[in-house]
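Right, one structure below, let's go through it.
Coordinate-derived values only; no laboratory data. Please read all numbers here as calculations on a predicted model, not as lab measurements. Glycine also receives a Cβ, built like all others from the backbone with ideal geometry; neighbour counts cover every protein chain displayed.
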Amino acid sequence: MSSAVWLITGASNGMGLSFSLRALKAGHKVVGAMRNPTRAAEAVKAIESQGGKVVQLDMTESQSSIREKVEAAEKIYGKIDVLAVLPGMRARRSGTIVNISSIAGQDGLPTCSVYAGSKFALEGLSESLAREVAEWNINVLIVEPGQFRTNFLRGSVTNEKGLPEHEKDTPVGNTMKHFHELEGSQRGDPDKLADRVFEVVTGEGEAGALKGKILRLPLGKDCLARLDAKIAKLKSDVEASRAIAESTDL
């Protein structure tokens, strides 16, 4: 893949920063979007020192404000090849939209109902979008990370008083305890994740053969284990209810 222009949201830390630096390392152009660049001085310096650009963009702003800022970002390099800028992508009949989901978008754990709900919604949106934009040669990739060593768990909001007594030794309490113990010891390497995503998008390297061939990219051994269990349960449910399902047609 020749040098492309990447618009990467959440570039101030974690996976977004890893994606930005990986693309810049390969000689691509990057526009890193952050909600508050002044509070992410180190990330701004890291991106700009490698030749990238940083813009302020908060996805909770009004649609018109987001549109204006995306158009301004597009003007920096004259185009955007990777991420969601559909008008320009349609006009050029090319581009890639990478949506970062989670294994939670396939398998919701206790305590994660709101987060899992948002990721299930993102996956449904991405599936439909992929079918809508395929005729313009635009690819959609859903990335499903498992447990990676970012600041995600550290930034979780918890009750400073701890769990109420009735929640201890329940699925909710046990999951909260697991998350607390897991912080800082996740096996997933966010830089390797960025490598694999970059390779699938560009068609280069270890994962390059997957370019354009998959909708979902699960990453991490823990992710695969949970996906395998989910698929097995889905198959079991379908077979158990097959006769009932077939009985409802006119």
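Once you reduce segment 9-55 and segment 199-250 to the center of their Cα atoms, the two points are 32 Å from each other. The residues packed around Val54, meaning those with a beta-carbon under 14 Å from its beta-carbon, carry a net charge of +3 if Lys and Arg are +1 and Asp and Glu are -1.
Ranked by the mean number of other Cβ atoms within 10 Å of their residues, highest first, the peptides 23-31, 7-15, 237-245, 114-122 come out as 7-15, 23-31, 114-122, 237-245. Counting only lysines at least 8 places from Lys177 when in the same chain, those with an alpha carbon closer than 28 Å to its own are Lys119, Lys161, Lys168, Lys192, Lys221, Lys230, Lys233.
A simple spin-label model places pseudo-atoms 7 Å from Cα toward Cβ; at Thr60 and Glu42 they are separated by 2.4 nm.
Counting only residues at least eight positions apart within a chain, or on another chain, the lysines with an alpha carbon under 19 Å from that of Lys29 are Lys45, Lys53, Lys69, Lys75, Lys79.
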